[in-house]
Amino acid sequence: MTDSNGYTPPKVWTWDRDSGGKFASINRPIAGPTHDKPLPVGKHPFQLYSLATPNGVKVTVMLEELLAAGHAGAEYDAWLINITEGDQFSSGFVSANPNSKIPALMDHSTPTPTRVFESGAILLYLAEKFGGAFLPRDHAPRTEALNWLFWQMGSAPYLGGGFGHFYAYAPSKMEYPINRFAMETKRQLDVLDRRLADNAYLAGSEYSIADMAVWPWYGALARGLIYDAGEFLQVQDYRHVQRWTDQINQRPAARRGRMVNRTWGEPSEQLHERHDASDFELRTRDKLEAGKPA
């Protein structure tokens, strides 16, 4: 171990507004709104307020999968929440999610609109709302699906806030936290790889909300789509994770879900807001037009 900046924690911590790297401007030690702004409401039963980070992608994949499975009641409007500009601290968003994190869902099909926050809770809510969709009915695989759903909720902070932050976003590179969280990330990938060696999906033979929760994080990592860390972590070694990732990548609903509320990358893969299924057709048409010779 080579890095030591001589830092000694003070007796009482105080907030340094300028520390924290890339996201310092939106991190703060207090909750609650910073400004008044109501959330927009569209015409569909579900109103989603999100961004296409891995946590946001979980929910748009689930909604698109529900629609693809014939659940017309899952129609939704997806509104963009720009977290770099502090949209998550508006009075409207804080009312939907007092934790000020995306995604937040409002269900307007209930007598009084129901708020649902935390991505795992949203996946479970939607599964139960639609008769157990994408949640196995039999006791053993259902329990496995929930095991892996909650595994993801507990594990991803070590990947995102741990490895991802120190490897990609911290204002300076530090050996100890990068090594510590790289080790944990590789351990998690090995946990997944061992499970997927003998199972098509995390719950067993059925595609479920567990896969929808894990894929946007660990599938994206396996494909080198987050943190630019594929070579560093040697993600190609986790061949069962790679197989599973490719399998889900082939699902049209998953590909659509990944586009929603995306504001970076290839323009044809971005759908800033989604208010109708035809919005995807416009993106597809743009992609085809871009590929035509001049």
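Nothing in this text is a laboratory measurement; each read-out follows from the coordinates by a stated rule. Everything quoted here is computed from the prediction, not taken from an experiment. Because the Cβ atoms are built from the backbone with ideal geometry, glycine has one as well, and the counts that use them run over all protein chains shown.
Points to keep in mind about this one:
- Under Karplus coefficients 6.51, -1.76 and 1.60, residue-wise ³J(HN,Hα) of the stretch 214-219 in Hz, glycine/proline x: 7, 4, x, 8, 7, x
- At full extension, ASN82 and ALA277 could sit 68.0 nm farther apart than now, given 0.36 nm per residue minus the alpha carbon distance.
- Ranked for footprinting exposure by Cβ neighbours inside 10 Å, fewest first, MET212, MET174, MET62 give MET174, MET62, MET212.
- Solvent-free Debye scattering, log10 I(q)/I(0), computed from the Cα coordinates of the stretch 139-256 at q = 0.15 Å⁻¹: -0.64
- Helix-only CD estimate at 222 nm, as mean residue ellipticity for the chain, using -39500 (n - 2.57) per DSSP H run (n ≥ 4): -12000 deg cm²/dmol
- Whether the stretch 48-93 is rounded, prolate or oblate, judged on the alpha carbon gyration tensor where a/c under 1.5 counts as rounded: prolate
- Fewest-first ordering of ARG239, ARG255 by other beta carbons within 10 Å of each residue's beta carbon gives ARG239, ARG255.
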